[in-house]
Amino acid sequence: MNWLMLVIAGLFEVGFATCLGKAREESGAVAGWWMAGFFVCLSVSMYLLYRATQTLPIGTAYAVWTGIGAVGTVLVGIFIFREPVAFWRLFFLFTLIASILGLKVVSH
């Protein structure tokens, strides 16, 4: 259950980064709604990270949470914000994914 909470927390991290990107593109009330989404996602993400760290090592949990957020945010950047796709960008993205999986495998 703790790993599931951590994965969901990471997905909410992607959510708050996405909301920041969308708020940057908008103005007025629409940007305000995106910022509200940012604060909701941020709060849920932090709470779930806190809960997961009650049973997982803090270093592992934080690294996995950050990694999920980083990978997800890069993918959102590519697919939603039309950021460039280059070989080295994808190469390092896959090494990050491998590192996250490796941390899960070696953590008790």
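The values are calculated or read from the model by the stated rules, or taken from the named source; none is laboratory data. Computed from a predicted model, the values in this text were never measured in an experiment. Backbone-built Cβ (ideal geometry, glycine too); neighbour counts: all protein chains shown.
Only residues that are of a type in the set (F, W, Y) and either within 18 Å of V106 (Cα to Cα) or modelled with pLDDT under 95 (or both) were counted across segment 25-64, and they come to 1. Scanning segment 1-55 for residues that are in a loop (DSSP other than H, G, I, E, B) and either without any contact (Cβ under 8 Å) to a residue 40 or more places away in the chain or of a type in the set (K, R) (or both) yields a count of 4. Set side by side, the residues A86, A61 differ, and just one is among the aliphatic types (A, V, I, L, M), surrounded by fewer than 14 Cβ atoms within 10 Å (Cβ to Cβ) and either farther than 16 Å from F16 by Cβ or touching a residue at least 60 places away in the same chain (Cβ under 8 Å) (or both), which is A86. Filtering segment 1-33 to residues that are hydrophobic (A, V, I, L, M, F, W, C), under 15 Å from F81 (Cα atoms) and surrounded by 18 or more Cβ atoms within 10 Å (Cβ to Cβ) leaves V14, F16, A17, C19, A23.
Inspect all residues belonging to segment 85-108 and state whether any of them is touching a helix residue (DSSP H, G or I) at 6+ places or on another chain (Cβ under 8 Å) and farther than 22 Å from V7 by Cα. Checking segment 85-108: at least one residue is touching a helix residue (DSSP H, G or I) at 6+ places or on another chain (Cβ under 8 Å) and farther than 22 Å from V7 by Cα.
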